[in-house]
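See structure below.
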Amino acid sequence: MSGLSNLSSADKGELMEQVKQQIAVANAQELLTKMTEKCFNKCINKPGTSLDSSEQKCISMCMDRFMDSWNLVSRTYGSRLQREQHKM
Amino acid sequence: MSDFDSLGSSSGDKELQEFLMIEKQKAQVNAQIHEFNEICWDKCIGKPSSKLDSATETCLANCVDRFIDTSLLITQRFAQLLQKNQ
């Protein structure tokens, strides 16, 4: 950890930027993995020899709804966190 | 927490320590959102349609709050159980 004290401010900025980017990538990967799993379960009941057009349509709707759901959950959790902080 | 503060000052870079602490907190909140979304998606979503209807939206919002309530309640009761058994 002590090596970090010798960073120039430009290096430090770059390090911070990299940390942010890695977190963003990890976040996108998590979203992608969960979305694939959930939408596969919802839309593919009996796997056939190819994804038919109704399955494809279901998947794209499912992706959009998954994002809607994520955003709503995020807002709900955010306001709950704020309410809990007021209590303390 | 005081260990953390002394680490911050001994490594000589408060700005970096603070940045890392905030990013860590943000990542934890984000991980929690992923978890809630997964749980509440399974509870509330039927066949995906062209938009989230208002009943589903209510279900999702209630699901998050009730899950947190449940978690708080269980934590409390669990602590009581532990105390009783001591």
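Read the figures in this text as sums done on the coordinates, not as results from a lab. Quick caveat, the model's predicted, so the values are computed rather than measured. For neighbour counting, all protein chains shown are included, and Cβ atoms are generated from backbone atoms with ideal geometry for every residue, glycine included.
Taking the Cβ of B:A31 as the center, what net charge do the other residues with Cβ under 14 Å away carry, scoring Lys and Arg +1 and Asp and Glu -1? It would help to have the intermediate numbers written out before the result.
On the way: positive: A:K34, B:K24, B:K26; negative: A:E30, B:E23, B:E35, B:E38.
Computed value for this residue: -1.
In nm, what is the difference between 0.36 nm times the number of residues separating B:K24 and B:A55 and their Cα-Cα distance?
Values: separation 31, 0.36 × 31 = 11.16 nm, distance 3.43 nm.
So the extension gain works out to 7.7 nm.
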Students often forget the sequence filter, so: which lysines lie under 30 Å Cα-Cα from A:K46 once same-chain residues fewer than 8 apart are removed? A:K34, A:K38, A:K57, B:K43, B:K47, B:K51
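Place a +1 charge on the Cβ of each Lys and Arg in the protein assembly as shown and a -1 charge on the Cβ of each Asp and Glu, then give the dipole magnitude about the Cα centre in debye, rounded to the nearest 20. Before the final figure, lay out each step's value.
Values: 21 positive and 23 negative charges, 160 e Å.
Around 760 debye, computed over the protein assembly as shown.
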Give the residue from B:A79, B:Q17, B:A61 lying farthest towards the positive end of the charge dipole for the range B:12-85; charges sit on Cβ (+1 for Lys and Arg, -1 for Asp and Glu) and the dipole is referred to the Cα centre. B:A79
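Treat every Asp and Glu Cβ in the range B:12-85 as -1 and every Lys and Arg Cβ as +1, leave all other atoms uncharged, and give the resulting dipole magnitude about the Cα centre to the nearest 20 debye. Display every interim value, and only then the final one.
On the way: 9 positive and 11 negative charges, 71 e Å.
In debye, rounded to 20, the range B:12-85 gives about 340.
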Roughly what angle does helix A:53-87 make with the longest principal axis of chain A, taking Cα atoms, 0 to 90 degrees, to the nearest 10? 40
Rank A:T49, A:Q21, B:C44 by how far each Cα sits towards the positive end of the charge dipole of the protein assembly as shown (+1 on Lys, Arg Cβ; -1 on Asp, Glu Cβ) and give me just the farthest. B:C44
Using the basic label-point model (7 angstrom from Cα toward the beta carbon), what is the B:K43 to A:N41 distance in nanometres? 1.4
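For B:I45, what is the net charge nearby, where nearby means another residue's Cβ is under 14 Å from its Cβ and Lys, Arg count +1, Asp, Glu -1?
Values: positive: A:K34, A:K38, A:K42, A:R65, B:K43, B:K47, B:K51; negative: A:E37, A:D64, A:D68, B:E38, B:D42, B:D53, B:E57.
Local charge sum for B:I45: 0.
Rounded to two decimals, what is Rg over Rh for the protein assembly as shown when you use alpha-carbon atoms and the Kirkwood radius?
Details: Rg = 21.4 Å, Rh = 19.5 Å.
Answer for the protein assembly as shown: 1.10.
Efficiency by 1/(1 + (r/R0)^6): what FRET value for A:E30 and B:N85, r their Cβ-Cβ distance, R0 = 30 Å, to the nearest 0.05? Let's see the in-between values first.
Details: r = 38 Å, r/R0 = 1.26.
Efficiency, rounded to the nearest 0.05: 0.20.
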Value at 222 nm in deg cm²/dmol, rounded to 500, when DSSP H runs of n ≥ 4 in chain A each add -39,500 (n - 2.57): -29000 deg cm²/dmol
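Can you give the calculated 222 nm mean residue ellipticity of chain B, where each DSSP H run of n ≥ 4 adds -39,500 (n - 2.57) and the sum is split over every residue, rounded to the nearest 500 deg cm²/dmol?
Values: 3 runs with 71 residues, N = 86.
Helix contribution divided over all residues of chain B: -29000 deg cm²/dmol.
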